[in-house]
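What follows is one structure encoded as structure tokens, with my remarks underneath.
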Amino acid sequence: MQALSLTVHIPLVCFGIAFPALVLFAEWRYLRTGDSVYRTLARRWSKIMLGLFAVGVVTGTILSFELGLLWPVWMQDFGNVFGLGFTLEGFSFFIEAIFIGIYVYGWDRLRPKAHFLSGIPIAVAGITGSMFVISVNAWMNHPSGFTLVNGRATHTHPWQALFANPFFWSEYVHMYFAGYIVTGFLLAGAYAWGFLRGRSGRYERTALGITLTAAAVAAPLQVVIGDWAARDVAQSQPVKLAAMEGLAQTTRGAAEHLLGWYNGHAVVWGIDIPKLLSLLAYHNPNATVKGLNIVPLADQPPVNLVRFAFQTMVGIGTLLAVLGLIYLYLKLRHKWRPEKLRWFNLAVVAAGPLSVVALVAGWITTEVGRQPWIVYNVMRVDQSVTGAHVVPVGYATLCVVYLGLAGAVFWLLRRFSRVPLPAEVTDAG
């Protein structure tokens, strides 16, 4: 149930991180140039932003209830450590809710500069809200800031636990850039699809330029951020790294295995690249990488699931980075008209859903790779989970709710897309 809810909610978090900044950029361009295309774009996007925020409220509320209903022992024993993160996230949510209403309904009621300024708290709250939640997840991966007495956290230091955590910055920055990749490619894919169907006016070109540039810049940088995050995992969670790579035994100068299957002893049917794992994990081709053998079998995560998720994330992320670099090269070195490159438009259309797959695969790597611990090396999942016997009923209900939400989002976005553009915008195209 938690995995299902996270899979639905996390893409909406990406829009909360990145979309307000894109909307504000479009409005800022309008204030600078007086070009009505930018104002129309920002106004139409703000309605989408409001609709996705409303859906995010539903999925986020479900997640908050699940924390107490599905993990009662974890909440009871450690809530005094990480509860501050969720409290601060609540403040961010209310600020975002207040100002998103002012922004969307204030287009014709506020002066242009005042209206633009009313959008800044939305962007800030979207960033801080996700930051506070990810600080909790970073703490779960690297618990600190408390003393354990009879299985419960005492003498807690929440600020230290959440924001002085060595996992926090790499995990948050990784998610921050993922927000721009997912949001940028999904939005760009919608406009690229319009190009393929003959809609290539100035409005569509401008929208594609803003969204695709954001994604194209973020995707190559994410490769560097991913290396940073992976090295943190190598230092603090060597078992997770071993599961990601299918490394059974501690090895000096460990090889990287692309694809293949872990049979319980080694990766078979994969492509072996000598010493690459040691080089990537420690920037030293002869470094020693710890294997799964450092812990008992009962303390090892499901290796093939973690490996498949990790390689899916890395593979798609690499393709998106290459696509971004191609776009930036064409944009900076050539006078490029995107509607003339059918192959590129098809690639951008595919990049949107692929970015979501990579996002979910990354979170599977993070969460399943930590198993069997909910709090790493402190509390196991089977110690913290509910003992209720009606979970399948709740799971089925959630499936129905999320299918209904998906249908509502599709209907809403389709309705927004069919609203005619103002005459001055179509004339400008």
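The values are calculated or read from the model by the stated rules, or taken from the named source; none is laboratory data. This is a predicted model, so every value here is computed, not measured. Note that each Cβ is placed from the backbone with ideal geometry, even for glycine, and that neighbours are counted across all protein chains shown. With ligands, DNA and RNA removed, areas are computed over all heavy atoms of the protein, side chains included. Shrake-Rupley method; radii C 1.70, N 1.55, O 1.52, S 1.80 Å.
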When (1) buried (at least 23 other Cβ atoms within 10 Å of the Cβ); (2) in contact (Cβ under 8 Å) with a residue 40 or more places away in the chain; (3) under 25 Å from the mean Cα position of the chain (by Cα) are applied to A42, the one that fails is (2)
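When you check T7 against the structure, is it without any contact (Cβ under 8 Å) to a residue 24 or more places away in the chain, closer than 22 Å to G179 by Cβ and β-branched (V, I, T), yes or no? I'd like the intermediate steps shown before the answer.
Working: without any contact (Cβ under 8 Å) to a residue 24 or more places away in the chain: no; closer than 22 Å to G179 by Cβ: yes; β-branched (V, I, T): yes.
It is false that T7 is without any contact (Cβ under 8 Å) to a residue 24 or more places away in the chain, closer than 22 Å to G179 by Cβ and β-branched (V, I, T).
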Assess whether V360 counts as being in contact with a Gly (Cβ under 8 Å, 6 or more places away or on another chain), aliphatic (A, V, I, L, M), surrounded by 17 or more Cβ atoms within 10 Å (Cβ to Cβ) and assigned to a helix (DSSP H, G or I).
no
Filtering the stretch 16-34 down to residues that are open to solvent by 30 Å² or more (accessible area, probe 1.4 Å) and over 16 Å from L117 (Cα atoms) yields T33, G34
With the first residue restricted to the stretch 316-335 and required to be at positive phi and surrounded by 14 or more Cβ atoms within 10 Å (Cβ to Cβ), and the second required to be part of a helix (DSSP H, G or I) and basic (K, R), Cβ contacts under 9 Å at 6 or more apart or on different chains are none
Review point. Are any of the residues in the stretch 300-315 farther than 24 Å from N377 by Cβ, hydroxyl-bearing (S, T, Y) and either buried (at least 18 other Cβ atoms within 10 Å of the Cβ) or at pLDDT below 90 (or both)?
Key: yes
Going through the stretch 409-421 in order, the residues found to be of a type in the set (A, V, I, L, M, F, W, C) and over 22 Å from the mean Cα position of the chain (by Cα) are W411, L412, F416, V419, L421
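Which of the residues spanning the stretch 81-99 are of a type in the set (S, T, Y) and open to solvent by less than 70 Å² (accessible area, probe 1.4 Å)?
Result: S92, single match.
Yes/no matrix, rows are residues, columns are (1) of a type outside the set (F, W, Y); (2) without any contact (Cβ under 8 Å) to a residue 40 or more places away in the chain:
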| position | (1), (2) |
| --- | --- |
| I62 | yes, no |
| L67 | yes, yes |
| V73 | yes, no |
| G79 | yes, yes |
| F82 | no, no |
| G85 | yes, no |
| E89 | yes, no |
| V104 | yes, no |
Residue count, the stretch 100-117, condition assigned to a helix (DSSP H, G or I) and open to solvent by less than 10 Å² (accessible area, probe 1.4 Å), comes to 3
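How about the stretch 198-293: which helices (runs of 4 or more DSSP H) wholly inside it have at least 3 residues that are open to solvent by less than 60 Å² (accessible area, probe 1.4 Å) and touching a Phe, Trp or Tyr at 6+ places or on another chain (Cβ under 6 Å)? Full working, then the answer.
Working: elements: 202-236, 238-245, 276-282.
In the stretch 198-293, 202-236 are the helices (runs of 4 or more DSSP H) which contain 3 or more residues that are open to solvent by less than 60 Å² (accessible area, probe 1.4 Å) and touching a Phe, Trp or Tyr at 6+ places or on another chain (Cβ under 6 Å).
Taking T128, is it open to solvent by 30 Å² or more (accessible area, probe 1.4 Å), within 30 Å of D77 (Cα to Cα) and in contact with a strand residue (DSSP E or B) (Cβ under 7 Å, 6 or more places away or on another chain)? Give the steps one after another, and end with the answer.
On the way: open to solvent by 30 Å² or more (accessible area, probe 1.4 Å): yes; within 30 Å of D77 (Cα to Cα): yes; in contact with a strand residue (DSSP E or B) (Cβ under 7 Å, 6 or more places away or on another chain): no.
Criteria not met by T128.
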Any residue in the stretch 367-381 that is assigned to a strand (DSSP E or B), surrounded by fewer than 17 Cβ atoms within 10 Å (Cβ to Cβ) and not β-branched (V, I, T)? yes
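Mind counting the residues in the stretch 138-167 that are part of a helix (DSSP H, G or I) and surrounded by fewer than 21 Cβ atoms within 10 Å (Cβ to Cβ)? Step through it out loud before you land on a result.
From the stretch 138-167, those part of a helix (DSSP H, G or I) are 138-141, 158-163; that's our starting set.
Still in the running and surrounded by fewer than 21 Cβ atoms within 10 Å (Cβ to Cβ): 158-160, 163.
Count: 4.
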query: What about A350, is it open to solvent by less than 40 Å² (accessible area, probe 1.4 Å), closer than 27 Å to A230 by Cα and either of a type in the set (G, A, S) or not in a helix (DSSP H, G or I) (or both)?
result: no
Counted residues in the stretch 69-80 being out of contact with any Ser or Thr (no Cβ under 8 Å at 6 or more places or on another chain) and open to solvent by 40 Å² or more (accessible area, probe 1.4 Å) come to 2
Here the qualifying pairs (Cβ atoms under 8 Å; residues six or more apart or on different chains; first in the stretch 144-161 and free of Cβ contacts under 8 Å to residues at least 24 places away in the same chain and within 14 Å of M75 (Cα to Cα); second open to solvent by 30 Å² or more (accessible area, probe 1.4 Å) and of a type in the set (A, V, I, L, M)) come out as T154/L148
